[in-house]
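Shown next, in structure tokens, is the structure this report addresses.
Just so you know, all these numbers are worked out from the coordinates, no wet-lab data involved. Model, not experiment: these values are computed from the prediction. Here the Cβ is made from the backbone with ideal geometry for all residues, glycine too, and neighbour counts use every protein chain on show.
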Amino acid sequence: MYDVSEIRRDFPILSREVNGKPLVYLDNGASAQKPQVVIDAVTRGYAEEYANVHRGLHFLSNLATEKYEAVRGTVARFLGARDEEEVVFTSGTTEGINLVAYSWAMPRLEPGDEIILSVMEHHANVVPWHFLRERQGVVIRWVDVDATGALDPQQVIDAIGPKTKLIAITHLSNVLGTVVDVKTICAAARERGVPVLIDGSQSVVHMPVNVEEIGCDFYAITGHKLYGPSGSGAIWIRRERMDEMRPFMGGGDMIREVHKDSVTYAEPPMKFEAGTPGIVQQIGLGVALDYLMDLGMENIAAHEASVASYAKARMDGLNWLQVQGNAPGKAAIFSFTLEGSAHAHDISTILDKKGVAVRAGHHCAGPLMDHLGVSATCRASFGLYNTEQEVDALIDALELAHELFA
Ligand code: PLP
């Protein structure tokens, strides 16, 4: 049984007040709060078990290495990957996608080669491809969403041409909550020999994900949205793609031998992990993923779907509120504007006065903002611990904002 009141007790920050009101944390899309088990793991990691990994032969170094390396298996299990050696640790999705851009794409793509992106991509899945456009004449082909914010997989498939070298696409929009049918896209891309990179930053938080079933080549995730520490993350890379990649960052840990006039590299995944990593952060991520798997991603998805449908019903009753995106199966992410000239920043400031934390701005999704014809929205993004009562608190605060700005 999914007992949200009990689950909330796992997150100490949820019992604090903000501006004299109980905190209603609806900024999970930006970063999620941490359960006590993660906080404890981080504290223990530094207080009792800290040393650098892979290097020493002493007790603490071995302990830290063992705990750190065990997380590779946890990530593989969480993502349904067959082989933990296909998991590269990163500081988050941004690093994961940049790794693919620098290691896999840059050496392979030539002027005129094409990369397909959806208009919903986060800047982390846009700017690295702009680097290739600016530096090597690569062409970005954009696929739009429809009026509901849905992305028709056929449009992505139709955009594949003889010059297409990569499809880089989000699994779940951080602005619209749209879930993309990545499985259909991957099946068609595979038939045509085009690799697919999926930005899984938002999807893995809200639903079960299995990279083998999806059939993608790269799947990037970020730990801090998964109720884990910031600075943690991973990218799953299909083995055959790993074999095509040259190292991105050079330094300690990623080499086999270094001499004055030669260097040889470690085997993947170490080949792609230069320097001292976020040791305790990754250990904390492992604990966060175990926490999620214990709750069950199916159960989390069902709970969030029910809170989302309540939120949608309440928002539908406010004729002065414009919610962006209404695609079937949309996740619990609501970006909205208020009728009139109230700016998203002003609205979020009013909500904050009521203890309700939402995000305001472009959400690192410039191409989507252009497509929607807005410069900024407020975004309420729900997580595994949010409740219908918190939806009511959001609606009350929005009504106040509407009165003030009407
Ligand atoms: N992609 C999406 C869809 C996101 O929502 C985010 C974070 O907001 C990112 C990528 C970037 O994640 P990070 O900043 O943790 O690397």
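Among the residues of the range 146-175, what is the count of those that are within 16 Å of the ligand (Cβ to nearest atom) and either assigned to a loop (DSSP other than H, G, I, E, B) or not polar (S, T, N, Q) (or both)? The total comes to 10.
Selection within the range 116-142: residues that are within 16 Å of the ligand (Cβ to nearest atom) and of a type in the set (A, V, I, L, M). The member of this set that is farthest from residue 186 (Cα to Cα) is 127. Would you confirm, using the coordinates I've provided, whether residue 128 is out of contact with any strand residue (DSSP E or B) (no Cβ under 8 Å at 6 or more places or on another chain) and outside any helix (DSSP H, G or I)? Considered against the rule, which asks whether it is out of contact with any strand residue (DSSP E or B) (no Cβ under 8 Å at 6 or more places or on another chain) and outside any helix (DSSP H, G or I), residue 128 comes out as no.
Within the range 152-175, the set of residues being within 23 Å of the chain's Cα centre (by Cα) and farther than 22 Å from residue 128 by Cβ comprises 152, 153. Residue 116 falls short on exactly one of the conditions (1) in contact (Cβ under 8 Å) with a residue 12 or more places away in the chain; (2) in a loop (DSSP other than H, G, I, E, B), and that condition is (2). Applying the condition of being within 16 Å of the ligand (Cβ to nearest atom) and assigned to a loop (DSSP other than H, G, I, E, B) to the range 12-30 and asking which residue is farthest from residue 390 (Cα to Cα) yields 30. Among residues of the range 92-113 that are within 16 Å of residue 269 (Cα to Cα) and among the small types (Gly, Ala, Ser), those with a Cβ under 6 angstrom from a residue that is outside any helix (DSSP H, G or I) and near the ligand (Cβ under 9 Å from one of its atoms), sequence gap 6+ or separate chain, pair up as 92/222; 92/233; 96/90; 96/220.
Here the helices (runs of 4 or more DSSP H) wholly within the range 182-269 that include at least 3 residues being small (Gly, Ala, Ser) are 182-191. When the criteria are applied in full, residue 53 meets the requirement of being in contact with a helix residue (DSSP H, G or I) (Cβ under 6 Å, 6 or more places away or on another chain) and either on the phi < 0 side of the Ramachandran plot or crowded, with 17+ Cβ neighbours inside 10 Å (or both). In the set 82, 55, 44, only one residue is part of a helix (DSSP H, G or I), away from the ligand (no atom under 16 Å from the Cβ) and among the charged types (D, E, K, R); that residue is 44. Every condition in (1) more than 16 Å from the ligand (Cβ to nearest atom); (2) of a type in the set (D, E, K, R); (3) within 20 Å of the chain's Cα centre (by Cα) is met by residue 199 except one, and the failing one is (1).
Within the span defined as the range 288-296, one or more residues are part of a loop (DSSP other than H, G, I, E, B), under 27 Å from the mean Cα position of the chain (by Cα), surrounded by 12 or more Cβ atoms within 10 Å (Cβ to Cβ) and among the small types (Gly, Ala, Ser).
Screening the range 220-246 for residues that are out of contact with any strand residue (DSSP E or B) (no Cβ under 7 Å at 6 or more places or on another chain) and polar (S, T, N, Q) and picking the one that is surrounded by the most Cβ atoms within 10 Å (Cβ to Cβ) gives 232.
Does residue 275 qualify as being within 16 Å of the ligand (Cβ to nearest atom), surrounded by fewer than 20 Cβ atoms within 10 Å (Cβ to Cβ) and on the phi > 0 side of the Ramachandran plot? Judged against the criteria, residue 275 is not a match. Of the candidates 71, 75, the single residue that is within 16 Å of the ligand (Cβ to nearest atom) and under 30 Å from residue 127 (Cα atoms) is 75. Only a single item in (1) touching a helix residue (DSSP H, G or I) at 6+ places or on another chain (Cβ under 6 Å); (2) within 29 Å of residue 41 (Cα to Cα) is not met by residue 224, and it is number (1).
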